[in-house]
Amino acid sequence: MTSATGCLTKPFALLLYFVGAYAWTWFLSLLKILAQRDIISIPVPFIVLDIAAALGTLVAALAVTSYESGGEGRRALLGQTRLSTVLRQAEAFSYFP
């Protein structure tokens, strides 16, 4: 399923996104479950696995965007998040004890 330019078509990219996001999230969640049941030993705290698993959608989005559009697409995707917005929200929450 490639177009005339050789890039993946959009439906395939969407499928790749969902498969990547689920694979990342479930892999790390299963690692945590196995470590909690003492089946395997992991040298990191469980909260690190939880945080990394929660980033599955971001990792998948960056991977698919990088594959589809390269560095320019990745910069455009990350450019949609504004540091100033995050800082303003953090400042607003800092007023609450």
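The values are calculated or read from the model by the stated rules, or taken from the named source; none is laboratory data. Since the model is a prediction, treat every value here as computed from it, not as a measurement. Note that each Cβ is placed from the backbone with ideal geometry, even for glycine, and that neighbours are counted across all protein chains shown.
Note down all Cβ pairs under 7 Å where the first residue falls in the stretch 51-76 and is under 20 Å from residue 23 (Cβ atoms), the second is part of a helix (DSSP H, G or I) and charged (D, E, K, R), and they're at least six residues apart or on different chains.
62/74; 65/74; 66/74
Checking the structure you have, find out if any residue of the stretch 16-34 is basic (Lys, Arg), part of a helix (DSSP H, G or I), surrounded by 10 or more Cβ atoms within 10 Å (Cβ to Cβ) and at pLDDT 80 or above.
Within the stretch 16-34 (the criterion being basic (Lys, Arg), part of a helix (DSSP H, G or I), surrounded by 10 or more Cβ atoms within 10 Å (Cβ to Cβ) and at pLDDT 80 or above), the answer is yes, since at least one residue qualifies.
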